[in-house]
1. Quick one: would you say Ser40 is part of a helix (DSSP H, G or I), of a type in the set (S, T, N, Q) and at pLDDT 90 or above?
2. Please specify each residue of segment 58-81 satisfying the condition of being surrounded by 12 or more Cβ atoms within 10 Å (Cβ to Cβ) and of a type in the set (A, V, I, L, M, F, W, C).
3. Write out, first by first residue and then by second, each pair whose Cβ atoms fall under 6 Å of each other, whose residues are 6+ apart or on separate chains, and whose first residue, in segment 65-83, is farther than 22 Å from Asp54 by Cβ and not assigned by TED's automatic domain parsing to the domain that holds Gln52 while the second is aromatic (Phe, Trp, Tyr) and part of a helix (DSSP H, G or I).
4. Taking the options Ser86, Ser126, Ser28, name whichever one is hydroxyl-bearing (Ser, Thr, Tyr) and assigned to a loop (DSSP other than H, G, I, E, B).
Amino acid sequence: MASLNEIADKIKEGANKSGKVVGKIAESSIKKAGDVFEISKYKLKILDLEAQMDGLFKSVGKEVYKNHAEPEREFDEASMTIILESIDEKQEMIDELVQKIDNITGKVKCPACGFAPKQDMNFCPSCGAAITPDEE
């Protein structure tokens with residue numbers, strides 16, 4: 001029969017292993033919570049930028065309609081260029097935020113067509129291009 005010391009050692013060994021597993025689970029949970037927080041933060045920024053873009057699109061529409069309604073009115077190309085460039089800048093910011101989200105989630109995009117296949121696919125179902133795990 002096993003001695004009390006042997007039994008105590010087995011219990012300690014089991015407790016140590018359990019503690020390590022719990023520690024790994026806790027670390028993983030903390031990382032996932034941080035990822036969820038970062039993704040939520042990026043999505044809120046995207047919503048804000050989209051709302052700003054909606055306002056800019058509205059300005060473009062108003063200018064186009066004014067030119068339609070008043071044909072003799074001179075088109076303000078400089079103002080329109082500023083508005084359109086602002087839209088482009090906001091779209092670039094959105095694209096960067098989406099890329100950050102994709103990096104966190106491990107989403108892969110086809111390098112040829114931009115389609116987002118399932119993570120375990122080696123070839124794009126849209127265009128047939130080879131997909132490697134580190135390509136974005």
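The values are calculated or read from the model by the stated rules, or taken from the named source; none is laboratory data. All values derive from a computational prediction rather than experimental measurement. Please note: Cβ atoms are built from the backbone with ideal geometry, for glycine as well, and neighbour counts cover all protein chains shown.
1. Numbers: part of a helix (DSSP H, G or I): yes; of a type in the set (S, T, N, Q): yes; at pLDDT 90 or above: yes.
For Ser40, the condition - part of a helix (DSSP H, G or I), of a type in the set (S, T, N, Q) and at pLDDT 90 or above - is met.
2. Correct list: Val60, Val64, Met80.
3. Short answer, once both residue conditions are applied: none.
4. Testing whether each residue is hydroxyl-bearing (Ser, Thr, Tyr) and assigned to a loop (DSSP other than H, G, I, E, B) leaves just Ser126.
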